[in-house]
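Heads up: the structure comes next, in structure tokens.
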Amino acid sequence: MSLTVALARMLNPLVWRSPARSADKLHGFALAEHGSMLDLRLAARLTPSPTRAAAYLRHADDETRHAQMFGKRARQLAREAGLARGHAVWEPIRADSEQLFVGLGELDFLAFVHVGEARAIEQFLVYVAYFQAQGRERDASLLTTILVDEHRHADYTRALLFELADSEAAARRALRRVRRWEAWRTWLRAGRFLAERVYMVAMLLVYLLAAPLGLLVRWARPLTRGWRDA
Amino acid sequence: MAKVLGISAHYHDAAAALLVDGELVVAIQQERLSRIKNDPGLPLDAADACLAYAGVRGEALDAVVFYERPFDKLERVMVNLMRNLPRTWRQFPRAMASQLGDKIWVLDQLAEAFGQPRANVRCFAHHQCHAASAHFVSRFEDSAVLVVDGVGEHSSTTLWHGQGAQLRALCSIEFPHSLGLLYAALTAWLGFAVNEGEYKVMGLAAWGRPGHAGLRERFERLIRLHDDGSYELGLDYFAHMSDAELGFGPKLEALLGPRRPPGLAWALEGERDQHYADVAATLQQVIEDALLGLARKAKALTGSPNLCLAGGVALNSLANARLAREGGFEAVFVQPAAGDAGGALGAAILAALELGDPRPTPMLSAALGLPVDIERAWAVARELELPVRRVDDPASAAAELIAADKIVAHVRGRFEWGPRALGQRSILASAAARETRERINRLIKQREPFRPFAPAVLEPRIGEYFDGQANDMTPFMTTVLPARADRSDALGAVTHEDGSSRVQTVSPAGAPELHELLVALERGGHAPLVLNTSLNGPGEPIVASSEDALGFFLRHAVDAMMIEDLVIERPA
Ligand SMILES: [Fe+2]
Ligand SMILES: [Fe+2]
Ligand SMILES: [Fe+2]
């Protein structure tokens, strides 16, 4: 059993414990799908090969559909849970692109996408089993539908990766490289998360210390109104 | 004789524009390449694409120019944070991180990115760039320039006098008083995304009753218009000093009612949504009245017969039409990228003028982006197993499809500068039938029911369908005209609730491919008129490349797509 599977199994009851939690999680999936769509569209524009461009476009189209499916279900669950209207679930699905194709180059990009798809398959399978056991047919069938596409994505990216690499060994090296790179990125993200907390506390202290300045500013720089000549 | 790259970024809608020897060669919004709507990030992709298009190396540039003074902006942000202690405690850490972590280093980043000595990287004030982006590409020798947006460094409204290659600052209104921020606050209150939903507010306004049930009096607490053309916000009702996201405070909800939940389906027959429409209509009226006051002041100070407008508020085509009618000027001009993207253009022009280049020739076309690669489009379409074929006469082929009531994605020429699709990256269809509008909405746009679609008409034929003449704004869809009631047969899909149309007049200089198409329609015995809406899915930037176009075709059920001389028809 891989670490991914073990983690997913362990966290299942927590992640899916309520409609609100489930809505959150599925909304997160929608964002991830949307982000991957952006990366694939970019890859389609930048790859020198029309064949691969076509493959990336088809893939991007699937991810757009997935984003919509996840988003729709997330909103259904949010409605059931009575989530506040200000919640992120209600906002349009909008993710950032990491411009991975530019950053990694096409070979590593393919390896990266393949690794991501393979991991998604592992996770989704665990979720499907859990949903079935819980009698949540609707969520199980949503993931089962999407899994069909994810299998196709994992397969074609692997095939393209081995085709594009100079040798089989080079393809495997690319796979190892992006796994290492991802682990490093996760580590950096955790670091940043922590640093952001520290920064917030530090800044609030600065803010408190600056409080007297507030009075000074009000006196030295009063608000203007009406016309001001240039 | 200089090569100058202008850059706008970091607030919303980043862009790059390249001037060579004083002429605008290429201008691109970052969102078209990054595919992130209104992408505010430093537009290095857009800048690189500009340089590549013009065949200019980064090191060969004579200047790189930013559209804002980073340290003036920092000062305003800091002063505001301090002044509004302790309400700003939430905003403080984030604002500091974004200012100090990124924004104030932008000039150094630009120097590094383009291999330029730091001395060649300069900046001008935000509103000066806006004003330059309007006057200098207008056809006017002399013009009053009115800039109205959310806020630049300090100013939110400024007046200028443009004379030939000179631009002189006259006076300003300063943050936190701001028409743009008033509009933004009400946009958020109506449940739309700020910096994106403003068009929806304008569309909604047509369904409301301005001033209904004492709304105008209630609005007087939000904004007071003075006789000298200036205005003042009732700051207690707003929160833009302490909350960058929302912009309005609890007092505003007490005054106008609770905010509308975002994403809720609209039912304009119902009383509740009618109230929201009434507020939108009142806001529109107040904004127009405020702009008329500012225009009067501009006229008094300059005596100029012409008016140029810029800044985000200048994208309000309804208000622009009223200014053209009642503002007392002979002509009014609004550049297609009147929002912050346009700042890149203004910055580049200001630097080019300082380097001794002449003023650019008037802007006649918004087709300033990149063309598509036809061979690539052909190859990828074949790989996608789409039924692609080449035609000798693409304009006639497109006209035939439209005459047969097909919805056609039209990808021809260089993509547009600014938020409007003007025929280069458009969805085109017959303008006559109301059903077409419903079909486009159902299949592609999923727009709110109150949002109109716009027509494009052959310029000399405009009087046959609309009450009014072609003017400096109609080629860029920055104004509206009333549709002729006796021609409703031809305009069923493109007339708004209030009888207006955001019409585009099409000439060979402005949009040559669309012009050919309309001529072909007329030759075939049809009205030289089409419904024209932007080629994008909901929430997406407008299509740029051939890959974007093909991706759109996969996802959205348009009947056909033209990519230059390639036609792809969806099998019935
Ligand atoms: Fe997916
Ligand atoms: Fe996938
Ligand atoms: Fe602006």
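All conditions but one from (1) open to solvent by 50 Å² or more (accessible area, probe 1.4 Å); (2) more than 14 Å from chain A (Cβ to nearest Cβ); (3) not hydrophobic (A, V, I, L, M, F, W, C) apply to residue B:357; the one that does not is (1). When restricted to residues that are in a strand (DSSP E or B) and touching a Ser or Thr at 6+ places or on another chain (Cβ under 6 Å), region B:135-186 contains 13.
Scanning region A:79-91 for residues that are surrounded by 14 or more Cβ atoms within 10 Å (Cβ to Cβ) and either within 22 Å of residue A:35 (Cα to Cα) or away from chain B (no Cβ under 12 Å) (or both) gives A:81, A:87, A:88, A:89, A:90. Filtering region B:200-228 to residues that are in contact with an Asp or Glu (Cβ under 9 Å, 6 or more places away or on another chain) and of a type in the set (A, V, I, L, M) leaves B:204, B:205, B:206, B:213, B:215, B:223, B:225. Just to be sure before I move on: is residue B:280 within 22 Å of residue B:152 (Cβ to Cβ), under 21 Å from the mean Cα position of the chain (by Cα) and crowded, with 22+ Cβ neighbours inside 10 Å in the structure I sent? In short, no. Every test in (1) modelled with pLDDT of 90 or more; (2) within 11 Å of chain B (Cβ to nearest Cβ) is passed by residue A:95 save one, and that test is (1). Remark: pairs (first residue in region B:525-548, acidic (Asp, Glu); second residue open to solvent by 10 Å² or more (accessible area, probe 1.4 Å) and assigned to a loop (DSSP other than H, G, I, E, B); Cβ separation under 7 Å; 6+ apart in sequence or on different chains) = B:540/B:37.
Checking the structure you have, find out if any residue of region B:133-143 is modelled with pLDDT of 95 or more, open to solvent by 20 Å² or more (accessible area, probe 1.4 Å) and among the acidic types (Asp, Glu). Yes: one or more hits.
It is to be established whether one or more residues within region A:68-77 are open to solvent by 60 Å² or more (accessible area, probe 1.4 Å), under 15 Å from the mean Cα position of the chain (by Cα) and more than 16 Å from ligand 3 (Cβ to nearest atom). Checking region A:68-77: at least one residue is open to solvent by 60 Å² or more (accessible area, probe 1.4 Å), under 15 Å from the mean Cα position of the chain (by Cα) and more than 16 Å from ligand 3 (Cβ to nearest atom). Within region B:423-433, the presence of at least one residue that is under 30 Å from residue B:263 (Cα atoms) and either surrounded by fewer than 21 Cβ atoms within 10 Å (Cβ to Cβ) or not assigned by TED's automatic domain parsing to the domain that holds residue B:532 (or both) is confirmed. Within region B:155-171, the set of residues being closer than 27 Å to residue B:82 by Cβ and buried (at least 21 other Cβ atoms within 10 Å of the Cβ) comprises B:155, B:156, B:157, B:158. For first residues located in region B:369-393 and facing another protein chain (nearest Cβ under 8 Å), partners that are charged (D, E, K, R) and open to solvent by 70 Å² or more (accessible area, probe 1.4 Å) and lie 6+ apart or on another chain with Cβ distances below 8 Å form the pairs B:384/A:58. When A:45, A:41 are screened for being at the interface with chain B (Cβ under 8 Å from one of its Cβ atoms), without any contact (Cβ under 8 Å) to a residue 24 or more places away in the chain and open to solvent by 30 Å² or more (accessible area, probe 1.4 Å), only A:45 passes. Assess whether residue B:59 counts as being closer than 18 Å to residue B:151 by Cα and surrounded by fewer than 19 Cβ atoms within 10 Å (Cβ to Cβ). No. Counting only helices (runs of 4 or more DSSP H) wholly contained in region B:5-110, the ones carrying 2 or more residues that are in contact with a helix residue (DSSP H, G or I) (Cβ under 6 Å, 6 or more places away or on another chain) and under 30 Å from residue A:202 (Cα atoms) occupy B:70-83, B:91-101. Among the residues making up region A:162-184, those that are open to solvent by 40 Å² or more (accessible area, probe 1.4 Å), charged (D, E, K, R) and in a helix (DSSP H, G or I) are A:163, A:168, A:172, A:173, A:176, A:177, A:179, A:180. When B:315, B:345, B:350 are checked against the criterion of being over 29 Å from residue B:187 (Cα atoms) and either more than 14 Å from chain A (Cβ to nearest Cβ) or more than 16 Å from ligand 3 (Cβ to nearest atom) (or both), a single residue qualifies: B:350. For residue B:374, the conditions (1) in contact with a helix residue (DSSP H, G or I) (Cβ under 8 Å, 6 or more places away or on another chain); (2) farther than 17 Å from residue B:133 by Cβ; (3) open to solvent by less than 10 Å² (accessible area, probe 1.4 Å) all hold with the exception of (3). The condition of being in a loop (DSSP other than H, G, I, E, B), under 18 Å from residue B:407 (Cα atoms) and small (Gly, Ala, Ser) holds for only one of B:509, B:493, that being B:493. Out of curiosity, is residue A:125 within 16 Å of ligand 2 (Cβ to nearest atom), open to solvent by less than 20 Å² (accessible area, probe 1.4 Å) and over 15 Å from the mean Cα position of the chain (by Cα)? In short, no. Filtering region B:283-301 down to residues that are open to solvent by less than 20 Å² (accessible area, probe 1.4 Å) and within 14 Å of chain A (Cβ to nearest Cβ), which residue is nearest to ligand 1 (Cβ to nearest atom)? Result: B:290. Among the residues of region B:133-155, at least one is closer than 20 Å to residue B:338 by Cβ and of a type in the set (Lys, Arg).
Residues in region B:249-265 that are open to solvent by less than 50 Å² (accessible area, probe 1.4 Å) and modelled with pLDDT of 90 or more: B:252, B:255, B:256, B:257, B:260. Within region B:214-224, at least one residue is open to solvent by less than 10 Å² (accessible area, probe 1.4 Å), within 14 Å of chain A (Cβ to nearest Cβ) and more than 16 Å from ligand 2 (Cβ to nearest atom).
Among the candidates A:139, A:149, A:155, the residue that is surrounded by 14 or more Cβ atoms within 10 Å (Cβ to Cβ) and within 16 Å of ligand 2 (Cβ to nearest atom) is uniquely A:149. When region A:62-108 is filtered for residues that are part of a helix (DSSP H, G or I), of a type in the set (A, V, I, L, M) and away from ligand 1 (no atom under 16 Å from the Cβ), the ones remaining, listed by number, are A:77, A:78, A:81, A:88, A:89, A:102, A:104, A:107.
The test for being at the interface with chain B (Cβ under 9 Å from one of its Cβ atoms), part of a loop (DSSP other than H, G, I, E, B) and open to solvent by less than 90 Å² (accessible area, probe 1.4 Å) holds for residue A:226. Restricting B:429, B:454, B:433 to those that are in contact (Cβ under 8 Å) with a residue 24 or more places away in the chain, more than 23 Å from residue B:207 (Cβ to Cβ) and of a type in the set (Gly, Ala, Ser) reduces the list to B:429.
The values are calculated or read from the model by the stated rules, or taken from the named source; none is laboratory data. All of these numbers come straight from a predicted model, not from anything done at the bench. Methodologically, a virtual Cβ is constructed for each residue, glycine included, from the backbone with ideal geometry; neighbour enumeration extends over all protein chains shown. Side chains included, ligands, DNA and RNA excluded: accessible areas come from the protein's heavy atoms. Shrake-Rupley method; radii C 1.70, N 1.55, O 1.52, S 1.80 Å.
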